[in-house]
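This report concerns only the one structure given below.
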Amino acid sequence: MQKSTLLHLRFPFSFFLLPVYLFALSISNSVDPIGASITFVVLHFFLYPASNGYNSYFDKDEESIGGLKNPPTVTKELYYTSLALDFLALAVGVFFISLEFMCLLLLYGVASKAYSHPAVRIKKFPFLEWITAFFFQGYFTFLMAYIGINQVSLHETLDIHIQFPAILSSLLLGGSYPMTQIYQHNEDARRGDNTISRILGVLGTFHFTAVFFLIANSGFVYYFLKWFEISDLVLFQTALTPSLVYFLLWYFKVRKNTEFANYQSTMRLNILSSALLNLFFLMQFLGN
């Protein structure tokens, strides 16, 4: 495998999507160790890298992208490798988990391809590209992970105790997703992609994220007060605080000079928030 292909698969980027899996794991009452392990591998080593590689192949980015400051030139090998990883995810999913789980993987893969393929190119439509990420990377992935972890059917996830955290996952993603595009406005404009962040503008993206953060956090306050202990809520707020402080300090810097809305600052926020959320949900799982 060429180095450029390996880089564009962006395996480390899966770390930023790990909180959704760990959230599903933390509320699971009948964890199947094999199912949980296979689901983790399928999502973070097959499905997400396949989506990253496919997206990179058609984007052909020349400037920084998520998890890759200096993206190398893409090759046809990247295209075929991303498809091979997709196939591997489906094969492992149906063999070790279930046909239903495989169908969910397939739907996620189709959505991620429609996101970047020139025949559809959802990225050209700001609201549609945001709602696609909002639904599939949050709510949809949460249910998919829960099904694999607990070896249950989709019908069994209709309980409010599962649906509510699935919705909260989307609310978290809905606010943070535009921030991942804030430094790509020039690149997106060059390709004609009207992403939600480009439409909102630099400061508008911060404001949008702040509003969604308040909505998501309000949902989590209700969630922990209704079904958990007050100590769980305190721990969650503690986990969020460093990211919130960083976000506010960064915002005031960007208000003075939009040049600070750059790749390095965005990645620092992603790493900080993802690391703390991953730690919190892992602690929840071990505690439960």
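No value in this document is a laboratory result; all are computed from the given coordinates. Just so it is clear, the model here is predicted, and its values are computed rather than measured. FYI the Cβ positions are ideal-geometry reconstructions off the backbone, even for glycines, and counts take in every protein chain you see.
So which aspartates and glutamates can Lys3 reach, going by Cα to Cα under 20 Å and dropping same-chain residues fewer than 8 places off?
Reachable aspartates and glutamates: Asp59, Asp61, Glu62, Glu63, Glu77, Asp86.
Report, please, the projected area of the chain averaged over directions, based on the convex hull of its C-alpha atoms, in nm².
Its average projected convex-hull area is 14.1 nm².
What lysines sit close enough to Lys123 to cross-link, taking a C-alpha to C-alpha distance under 21 Å and skipping anything fewer than 8 places away on the same chain?
Counting by Cα, and skipping residues close in sequence, Lys123 has these lysines nearby: Lys60, Lys69, Lys113.
If the chain between Arg190 and Lys3 were fully stretched, how many nm would it gain, using 0.36 nm times the residue separation less the Cα-Cα distance?
Extending this stretch completely gives an extra 64.7 nm.
Specify whether the C-alpha gyration tensor of the range 231-288 places it in the rounded, prolate or oblate class, a ≥ b ≥ c being the square roots of the eigenvalues: rounded for a/c under 1.5, otherwise prolate if a/b is larger than b/c and oblate if not.
oblate
Taking other Cβ within 10 Å of each residue's Cβ, how do Lys113, Lys253, Lys123 sort, fewest first?
The fewest-first ordering by Cβ neighbours comes to Lys253, Lys113, Lys123.
Identify which of Asn150, Asn186, Asn194 has the largest mean-square fluctuation in a Gaussian network model of the chain, with springs joining Cα atoms closer than 10 Å.
Comparing Asn150, Asn186, Asn194 in a Gaussian network model of the chain, the most mobile one is Asn186.
Quick one: His155, His117, fewest Cβ neighbours within 10 Å first, how do they rank?
Lowest count first: His155, His117.
When the chain is modelled as a GNM with alpha-carbon springs shorter than 10 Å, which of Ser112, Ser30, Ser273 fluctuates the most?
Ser30
Once you have the Cα-Cα distance between Ser30 and Phe127, take 0.36 nm times their residue separation minus that, and quote the gain in nm to one decimal.
Extending this stretch completely gives an extra 31.2 nm.
How about the range 41-84: which trypsin sites (Lys or Arg not before Pro) there lie in a loop by DSSP and see at most 16 other Cβ atoms within 10 Å?
Sparse-neighbourhood loop trypsin sites (Lys or Arg not before Pro): Lys60, Lys69.
Indicate the gyration tensor shape class of the range 108-203 (rounded, prolate or oblate), computed on the Cα atoms with a ≥ b ≥ c the square roots of the eigenvalues: a/c under 1.5 is rounded; otherwise a/b larger than b/c is prolate and the rest oblate.
prolate
Would you work out the charge dipole size for the chain about its Cα centre, treating the Cβ of every Lys and Arg as +1 and the Cβ of every Asp and Glu as -1, and quote it to the nearest 20 debye?
The dipole of the chain has a size of about 820 debye.
Provide the gained length on full extension for the span Tyr79 to Glu229, in nm with one decimal, where the gain is 0.36 nm per separating residue minus the Cα-Cα distance.
Length gained between Tyr79 and Glu229: 49.3 nm.
Per DSSP H run of n ≥ 4, the term is -39500 (n - 2.57); total these for the chain, divide by its residue number, and report the mean residue ellipticity at 222 nm rounded to 500 deg cm²/dmol.
Computed mean residue ellipticity for the chain: -23500 deg cm²/dmol.
Of Tyr79, Tyr139, Tyr222, which is the most mobile in a GNM of the chain whose springs link Cα atoms less than 10 angstrom apart?
Greatest mean-square fluctuation among the candidates belongs to Tyr222.
What nm value, rounded to one decimal, do you get for the distance between Glu156 and Gln237 when each label is placed 7 Å out toward the C-beta?
About 3.6 nm, to one decimal.
In the chain, once you exclude exposed GluC sites (Glu not before Pro) (DSSP loop, at most 16 other Cβ within 10 angstrom), what's the longest stretch remaining?
Answer - 64-228.
Is the shape of the range 1-123 best called rounded, prolate or oblate, per the rule: a/c under 1.5 gives rounded, else a/b larger than b/c gives prolate, else oblate, with a ≥ b ≥ c the square roots of the Cα gyration tensor eigenvalues?
Since a/c reaches 1.5 and a/b is larger than b/c, the shape of the range 1-123 is classed as prolate.
Can you give the Rg to Rh ratio of the range 137-288, both from alpha-carbon atoms, with Rh computed by the Kirkwood formula?
Radius of gyration over Kirkwood radius for the range 137-288 works out to 1.01.
With an 8 Å cut-off on Cα pairs and a minimum separation of 6 or more residues, tell me the relative contact order of the chain in percent.
After rounding, I find 23 percent.
Give the distance, in whole Å, between the Cα centre of the range 146-163 and the Cα centre of the range 71-100.
25 Å
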